[in-house]
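What follows is a single structure, written as structure tokens, with notes after it.
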Amino acid sequence: MTATQCKYLTVLFVVFSFFSAASAQENPMQFLSRANAKVARAASLKNRWEGPVDGPQLQKKKKIIYIAANMSDAGISGVFNSLREASAGAGWEVLPINCSGRCNQGSAILNQALDMKADGIVLAGVDVASLSKGMAAVAKAKVPVVGWHASVKSGPTDGLFTNITTNPKEVAQLAALYTVVESNNKAGIVVFTDSTNPYLLAKSSAIVETIKQCEGCKLLSVEDLPLAEAHLKMKSVVENLVKRYGSKWTHVIGVNDFYFDLMEVPATASLTANNKLVGVSAGDGSQTAYKRIRANNLQSGTVPEPLTMNAWQIVDELNRAFSGAEQSGYVNSPHLVTSQNIAYDGGQKNMFEPANDFRAHYQKFWAK
């Protein structure tokens, strides 16, 4: 048995009670076997295609309006850039609207997209439930909308043709379990979240529930620090945390890698120099996160999104809507990146890009 397998088994015993409510009638050894397989699978190579194998021919010359919660977010900007790449061959025009954290203040943003003569709309990191009036206008105009992290749910929801997202609770569980492993079950943990986004809030709720089951861990604080404001407040928040908890603060779990970008700023990093903090992120797998993990600097793990593959799926889902087909139903499974597997599945480019040849699979049926 490898050291990694031993560590996974250790964490599974520690968090047994977390899962026992759902597995009360299951034999403990059977449960441990199933749970260990789930965790090991999350860190395994992603070289097998599990997405759609058929779909409509790719339509040409479409205008797509990309409504971004905040283009400073590495995940959102990464999907946008890859969306342009994926649709370039069909001559699609992809134009951004950057809400800078204020998309949820009304439905005018969707009306703006309609005024721009959109053939299709993408909601990236924007809570679709807060835009009900605008979604009604979009439906009346018969313009399909595809979400990326626009809801906690994947698939068709709240007027979306489909929503592309990894299960936030599963992502959060992986980040929390890996933190328990890295700390040898003795972590003093601060969680950073953003309650303005239901998807991110679902992550932090699952993180908290998981950590509470670790008897040797201490959940010190849950800091509600909206991503749009984090660059202004991070230093003072960290300063207060150090004053309150001192050396008891050993680990950080963020619902997004961006929090670690801000903690890495020298003026903020100096505040925690004596703590030697270890961080794990429940998304999205930014280039800076990969660099930190590889250098063993502040961050030890992330549960990334396959941003480029997500963008190709967005193009495919929009094309299905344009063609009158059903959404694909494809949901990718969470992947855990650590120093042990960072060299694979796009890691050499500091990103999570599964080695499953997804481009060729989509292009094959798009070109038929």
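Every number here is computed from the coordinates shown, using simple stated rules; none is lab data. Note that the structure is a prediction, hence the values are computed from the model and not measured. All Cβ positions, glycine included, derive from the backbone under ideal geometry; neighbour counts span all protein chains shown.
A few comments on the model shown:
- For Val94, the residues whose amide H sits under 5 Å from its own are Ile64, ignoring neighbours fewer than 5 places away on the same chain, with H placed 1.01 Å from N.
- The charge dipole of the chain, taken about its Cα centre with unit charges on the Cβ atoms of Lys, Arg (+1), Asp and Glu (-1) only, comes to about 200 debye.
- Cross-link pairs exceeding 23 Å between alpha carbons, from the set Lys169/Lys233; Lys62/Lys153; Lys169/Lys243; Lys62/Lys368: Lys169/Lys233; Lys62/Lys153; Lys169/Lys243.
- Proxy reagent accessibility, fewest Cβ within 10 Å first, across Phe80, Phe258, Phe365: Phe365, Phe80, Phe258
- The chain - percent relative contact order, Cα under 8 Å, separation 6 or more: 20 percent
- Descending principal axes extents, the chain, alpha-carbon based, whole Å: 56, 45, 40
- As a proxy for reagent exposure, ranking Asp127, Asp54 by other Cβ atoms within 10 Å from fewest up yields Asp54, Asp127.
- Mean shadow area of the range 218-348 over all directions, Cα convex hull, nm²: 9.8 nm²
- Charge-dipole axis of the range 168-302 as Lys and Arg at +1 and Asp and Glu at -1 on Cβ define it, positive-most pick from Leu200, Gly216, Val171: Gly216
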